[in-house]
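What follows is a set of notes on a single structure, which appears directly below.
Read-outs: derived from the displayed coordinates by stated rules, not from any lab. Predicted model, so just to flag it, every value in this text is computed and none were measured. Because the Cβ atoms are built from the backbone with ideal geometry, glycine has one as well, and the counts that use them run over all protein chains shown.
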Amino acid sequence: MSSHHIIREKQEPALYIHELGNFNEEYLGQLLEWSPTVLVAASEYEKVISLELKVDIVVGNLPMGVALQEDIRIIPKPKEGLEDAMEFLVKEKYPAVNVISKVNSFDDLTCYLPDINLVLFTERSKYYAVKNGFSVWKPAGTVFLIDVIAYFEADNLMQQETGEFMVVEDGLVSFRFQVPYLFIGELL
């Protein structure tokens with residue numbers, strides 16, 4: 001798998017690979033389809049280049065002797081978690097980022113949501129933040145994973161005994177709530 005290196009103007013969401021794990025290569029290919037800026041955590045760099053992907057930016061310090069691809073920018077001295085990558089993307093005025101991680105939590109990321117549209121991918125699901133009044137068309141049986149940390153109302157959605165939420169019939173699912181964001185997940 002390879003990505004084409006072309007001149008970009010931040011039209012596509014950047015891709016930050018924080019923890020690749022066993023992320024599906026087909027989904028990875030879809031995220032790379034429009035040649036986004038690719039950021040990679042230093043700990044994942046060698047695994048990512050072994051997939052023949054072109055990396056634009058490494059977040060963190062690489063061990064001595066690691067062979068670098070051409071034209072790589074390094075953001076040294078990482079803070080905790082995803083903060084360095086998010087701060088760089090916000091400072092560079094990227095409108096959106098797809099993040100691949102093993103953790104599906106927005107706990108450390110909510111402060112960035114006013115400045116960047118963020119979608120968090122894990123091996124099995126994708127999570128995103130929505131604002132009050134968000135609506136989306138989904139077929140019946142679609143499963144939403146919603147961490148119920150605040151009261152919300154939704155049309156065309158029924159909570160299952162497993163805690164997941166299922167779309168009742170083909171059509172719009174609309175969300176209403178009072179908190180700034182609701183975090184919704186979908187199975188890949």
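If R0 is 25 Å, the Cβ-Cβ spacing of E70 and E26 corresponds to a FRET efficiency of close to 0.35. Taken about its Cα centre, the stretch 97-171 carries a charge dipole of about 240 debye when Lys and Arg each add +1 at the Cβ and Asp and Glu each add -1 at the Cβ. Between A140 and E164, the simple spin-label model (points 7 angstrom out along Cα→Cβ) gives 1.7 nm. The alpha-carbon positions of the chain define a convex hull whose volume is 127 Å³ per residue.
Test of understanding: in a Gaussian network model of the chain with alpha carbons linked when under 10 Å, which of P63, P78, P13 would top the mean-square fluctuation ranking? Its mean-square fluctuation being the largest, the pick is P63. Mean-square fluctuations from a GNM of the chain, with a 10 angstrom spring cutoff on Cα atoms, peak among M64, M158, M86 at M64.
Given the pairs K10/K91; K47/K77; K93/K138; K77/K131; K10/K138, which are separated by over 22 angstrom at their Cα positions?
On the way: K10/K91 13 Å; K47/K77 20 Å; K93/K138 31 Å; K77/K131 33 Å; K10/K138 29 Å.
Going by Cα-Cα distance, K93/K138; K77/K131; K10/K138 fall outside the 22 Å limit.
Given a cut-off of under 8 Å on Cα pairs at least six residues apart, what relative contact order in percent is computed for the chain?
Values: 360 pairs, mean separation 34.2, N = 188.
Reported relative contact order: 18 percent.
Length gained on full extension, V148 to L187: 12.3 nm, using 0.36 nm per residue less the C-alpha separation. Springs between Cα atoms under 10 Å define the GNM used for the chain, and in it the highest mean-square fluctuation of F144, F152, F23 occurs at F152.
Stretching D107 away from W34 to a fully extended chain increases their span by 23.4 nm, per 0.36 nm per residue minus the current alpha-carbon distance.
List residues of the stretch 55-71, by number, whose backbone nitrogen lies under 18 Å from a label position 7 Å along Cα→C-beta of K77. Those under the cut-off are 58-63.
Stretching the chain fully between V119 and L62 yields a gain of 17.9 nm (0.36 nm per residue, less the alpha carbon separation).
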